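Input: a single structure, listed below in C-alpha cells.
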Amino acid sequence: MFLHSHPVTLPLVSQSCKYIFVTGGVSSSLGKGIISASLAKLLQTRGYSVTIQKLDPYINIDPGTLNPYEHGECYVTDDGAETDLDLGHYERFINIPTSQANNITTGRIYQNVIDAERRGDYLGKTVQVIPHITDEIKRCVQILGNTGEYDIVVTEIGGTVGDIESLPYIEAVRQLKRELSGRCLSVHLTLIPYLAASGELKTKPTQHSVKTLLESGVQPDILVCRTEHSLSKDLKLKIARFCNVADEAVIEARDAASIYEVPLLMEKERLDEVVLNKLNLPIDNKPVLIMWKEFLHKLNHPKTTVKIGLVGKYVELKDSYKSIAESFIHAAATNECKVDLKWFHSEEISAENAQDKLAGLQGILVAPGFGSRGINGKIEAIRYARENGIPFLGICLGMQCAVIEFARNVIGFEDVSTTEIKPDCEHPVIDMMQEQKKISDKGGTMRLGAYPCRVIEGTKMFDVYGKTDVFERHRHRYEFNNDYLADFEKHGMVAAGINPDRNLVEIMELKDHPWFVGVQFHPEYQSTVANPHPLFVHFVKAAVEAAELKPVE
Ligand code: GLN
C-alpha cells in the first residue's frame, strides 16, 4: 500500500549515500523522531530517496517484550520487526516501509558481537567496546546506505548526550564523521528554556549540551533549538558563536499545534537547505508539499466533529496507542471532520455503567492488548456498541473480545473465552495458533509482520478495501478458532477476510449492524498521511453518518 513516489525527478547525486545523525541534548522528549521525520520528508519532497533509522541505547533486544507503560507502543514493520514507536512516525511522514534494519538496540549490537565472539570470529583478540561494539554500530548504520536504495540515511540516536549508555553511539558517529568525510552530518536537538520570572530564553543548557558532545569528539553541524517562544536573530547568533556552528545552522523549532506542522516549520527555517549545502548536495528542486498542505488544511478546517471512544488498558499513557491515535487523524482529514478521541480505561467499564459512560459516542474502538486485565470492560463496551448500532472497530485483542462477546450474548455459549485467559474453558472461540504451542521464548516469537489477507467479495469489508488481496501487519499468538465459524456465520457474524495460505480468520463483521468490524491484524501500523488506512477512513465515515442521525450533544 506504500507508494514510493518521487514528485520531482531525482537530482544527480553521487552513488555514495550520505548520513545525517540526529542527537538530543538538555532533555528527553524534545521530539527527535518528529524532527528526523520532518527533515526526511523535506529531503524526500526535493527528490531524494531517504530512509530513517533509530538507534536505541537500551539493552532489550527490541521493545517487543516491554510493557507499553515503559516505552509506549511497540510498532511492527512489514518484515516483522518489533520496534520503537518513532518508526511509526517515520512511515507516517515519508510513506515508505521501514524494516528490521531501521531499529537497532544496544541489546542487538551486543548480541551480534557476542555471537561473533562465540563463533570464533575474533579469535585471539580481546573483545572491547572500542573497536568491536563501535564497529558493529557503524556496520548497522551503513546497512541501509549500502543497499544502494537511498541517497540519504537519517539516523536518530535515542537518549540524550551525556547518558552513559549513549557513549558508544556518539563514539561511532565521531568515527564515521572521520572515515566518511564529507558524507556525514551531525544535527543536535536541544532545548532553549524560557524563564517566565525574568521573561528570558536561556541558551546555557544548549551550550553545555554541545560541550558534552564536544567532549566525545563530535562538533554538531546544525543545532535545532526547541523553544516555546521565537528566537531573536541576536539569540541565534549568540548560540552560533558559543556553539561554534554557522549562523544559518541555528534552527528554531517552535512548539507546534500538531506534529504534522513541523515539516512546514522546518521548511520555513530552511533546515533542508542548510543540510543539503553542508552535504554538498544540489538544492535545485524546491520541496513539493502540496499534498501535505492539503492534508493540513483539511485537518485544520473540520466541517463536523465526531466523538469516538478508545477503550484500552494503557490509556494513562497515550503513547501506548500512538499509531491508532494518528490513524484517526489521517482518517479525520480524509473525512473533513475532527475526531474527538475519548479515552476509556477498560477496567472502569462494567455491565452496570457502560450505558452511562459510553452514551453520546459515535464510534467505539477496542484496542489491542495482552492478558486478562480489563477484559470484561472491553467486552461490555463491545456489547454496548453491538446492541446500540454504534460503529465499532476491534483491533487484535479487540477483535478477539468481539468474538467472545458475540459467542456469549448472541450464540448463547456460557463458558466461552480465549485460551489466553481461560485455558480450560468449554468453548475456546479464540485459541492459541498451532505453531505457537511449542514456543517458550517470549521475544520476537509471535506471528509478526505482514501477511496476505483475502477479502471476501460481497462483504462490507470488500467495499472498504475495494479489492480482494491485501497485506496487513500482525502481532499475536491467538487466533479465531475455525471449529466455531459455522456457529458464528449462522448467527450473523461472518468472516470477511481470510489468510489464503492457512485459512486463518483475519476479519469478522456483523451483517445486521451499521458498521461492526473486528480485525486480527493492526491496520494502524500502515496508515500514513499519504495513504490513510481505508478501515479507519470508513470507520470514521460511519461515525460521521451516526452523528448526522444523532448530532453530538
Ligand atoms: N493477546 C492477543 C494475542 O496474542 C492479542 C494481541 C494483540 O492485541 N496485539 O493473540
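The values are calculated or read from the model by the stated rules, or taken from the named source; none is laboratory data. Just so it is clear, the model here is predicted, and its values are computed rather than measured. Glycine also receives a Cβ, built like all others from the backbone with ideal geometry; neighbour counts cover every protein chain displayed. To get the accessible areas, we keep the full protein, side chains included, count just its heavy atoms, and leave off ligands, DNA and RNA. Shrake-Rupley method; radii C 1.70, N 1.55, O 1.52, S 1.80 Å.
A compact table of results
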| read-out | value |
| --- | --- |
| Residue among 240, 325 that alone is over 13 Å from residue 38 (Cα atoms) and in contact with an Asp or Glu (Cβ under 8 Å, 6 or more places away or on another chain) | 240 |
| Given (1) within 16 Å of the ligand (Cβ to nearest atom); (2) without any contact (Cβ under 8 Å) to a residue 60 or more places away in the chain; (3) in a strand (DSSP E or B), index of the condition residue 343 fails | (1) |
| Wholly enclosed helices (runs of 4 or more DSSP H) of the range 451-553 bearing at least 3 residues charged (D, E, K, R) | 485-490, 534-549 |
| Flag if residue 290 is surrounded by fewer than 21 Cβ atoms within 10 Å (Cβ to Cβ) and more than 27 Å from the chain's Cα centre (by Cα) | no |
| Any hit, the range 191-202, residues being open to solvent by 50 Å² or more (accessible area, probe 1.4 Å) and either in contact with a Cys (Cβ under 6 Å, 6 or more places away or on another chain) or under 11 Å from residue 23 (Cβ atoms) (or both) | no |
| Set 274, 262: member being within 23 Å of the chain's Cα centre (by Cα), buried (at least 20 other Cβ atoms within 10 Å of the Cβ) and among the hydrophobic types (A, V, I, L, M, F, W, C) | 262 |
| In the range 346-383, the residues that are over 20 Å from residue 520 (Cβ atoms) and within 16 Å of the ligand (Cβ to nearest atom) | 373, 376, 377 |
| Test: residue in the range 395-414 that is at pLDDT below 95, assigned to a loop (DSSP other than H, G, I, E, B) and within 11 Å of the ligand (Cβ to nearest atom) | no |
| Long-range neighbours under 9 Å by Cβ, at least six apart or interchain, first residue in contact (Cβ under 8 Å) with a residue 60 or more places away in the chain and assigned to a helix (DSSP H, G or I) within the range 356-383, second open to solvent by 10 Å² or more (accessible area, probe 1.4 Å) and of a type in the set (Ser, Thr, Tyr) | 377/350 |
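Yes/no per residue for (1) open to solvent by less than 20 Å² (accessible area, probe 1.4 Å); (2) touching a Gly at 6+ places or on another chain (Cβ under 8 Å):
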residue: 360; (1), (2): yes, no
residue: 400; (1), (2): yes, yes
residue: 418; (1), (2): yes, no
residue: 439; (1), (2): no, no
residue: 451; (1), (2): no, no
